[in-house]
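To keep things clear, I will list the structure first and then write my remarks on it.
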Amino acid sequence: MAETVATLDQISGGRVDFGSARGISRSEPEGFRVDPHTTRDEWRESLEMIVRAWEDGEFSWKRERFDIPPCSVVPKPVQDPHPPLWMACTSVDTHRLAGELGLGLLSFTVMAPLEDLRVRMDAYRDGLSRAQPIGKRANPQAATYTQIHCADTDEQAQENARAGIEW
């Protein structure tokens with residue numbers, strides 16, 4: 001992943017942002033026979049490893065979850081010290097964690113009231129106020145993905161969207 005993102009950063013002239021997440025449902029890890037209770041720690045260590053792999057010199061890693069012998073990771077990103085890091089989040093806890101790790105926030109309002117976004121954004125800002133960046137610098141930016149459908153009436157909009165949302 002470190003090489004792939006760095007290659008895209010090279011090709012784009014330093015315009016890559018790197019977003020990551022552990023997944024949104026149990027079906028994602030369980031589909032690969034991964035214990036969903038270990039994915040947060042594995043995600044975090046993977047992100048630490050990717051940032052370390054972008055540094056100059058030979059790369060190696062030996063910790064609880066991963067053991068990688070010395071190797072060359074090429075290319076390196078154009079951006080110094082590395083591309084901005086982002087985390088996709090849905091819960092209050094992950095919003096706070098993104099802030100604590102100094103990661104840019106990729107939030108969602110799908111299937112949740114917009115009022116919940118304020119609570120999650122407050123948690124992100126709280127975490128960011130105490131950030132200890134996982135990367136070489138913090139990315140204090142926030143983005144939110146939402147879906148909106150307009151129709152002549154609220155009732156018509158809800159009817160139009162019902163089948164897709166229920167699916």
(request) Would you tally the residues in segment 46-65 being part of a loop (DSSP other than H, G, I, E, B) and open to solvent by 30 Å² or more (accessible area, probe 1.4 Å)? (result) 7
(request) Could you pull out the residue among Asp93, Asp80 that is open to solvent by 40 Å² or more (accessible area, probe 1.4 Å), part of a loop (DSSP other than H, G, I, E, B) and either at pLDDT 95 or above or polar (S, T, N, Q) (or both)? (result) Asp80
(request) With respect to Val34, determine if the residue is over 14 Å from Pro83 (Cβ atoms), in a loop (DSSP other than H, G, I, E, B) and of a type outside the set (Gly, Ala, Ser). (result) yes
(message) Could you go through segment 114-133 and let me know if any residue there is closer than 25 Å to Glu48 by Cβ, within 13 Å of the chain's Cα centre (by Cα) and loosely packed, with under 14 Cβ neighbours inside 10 Å.
(response) no
(request) Determine whether Leu8 is open to solvent by 70 Å² or more (accessible area, probe 1.4 Å), at pLDDT below 95 and not charged (D, E, K, R). (result) no
(message) On the basis of being closer than 18 Å to Gly135 by Cα, open to solvent by 20 Å² or more (accessible area, probe 1.4 Å) and modelled with pLDDT under 95, does Asp35 make the cut?
(response) no
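Results for (1) touching a residue at least 24 places away in the same chain (Cβ under 8 Å); (2) closer than 13 Å to Phe18 by Cα; (3) not charged (D, E, K, R), shown as yes or no for each residue.
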position: Ser72; (1), (2), (3): no, no, yes
position: Trp86; (1), (2), (3): yes, yes, yes
position: Arg96; (1), (2), (3): yes, no, no
position: Glu100; (1), (2), (3): yes, no, no
position: Ser107; (1), (2), (3): yes, no, yes
position: Met111; (1), (2), (3): yes, no, yes
(request) Mind listing whichever residues of segment 75-105 are among the aliphatic types (A, V, I, L, M), more than 14 Å from Leu128 (Cα to Cα) and touching a strand residue (DSSP E or B) at 6+ places or on another chain (Cβ under 6 Å)? (result) Ala88
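The values are calculated or read from the model by the stated rules, or taken from the named source; none is laboratory data. Since this is a predicted model, take the numbers as computed values, not measurements. Cβ: placed from backbone, ideal geometry, glycine included. Neighbour counts: every protein chain shown. Note: areas computed on protein heavy atoms with side chains; ligands, DNA, RNA excluded. Shrake-Rupley method; radii C 1.70, N 1.55, O 1.52, S 1.80 Å.
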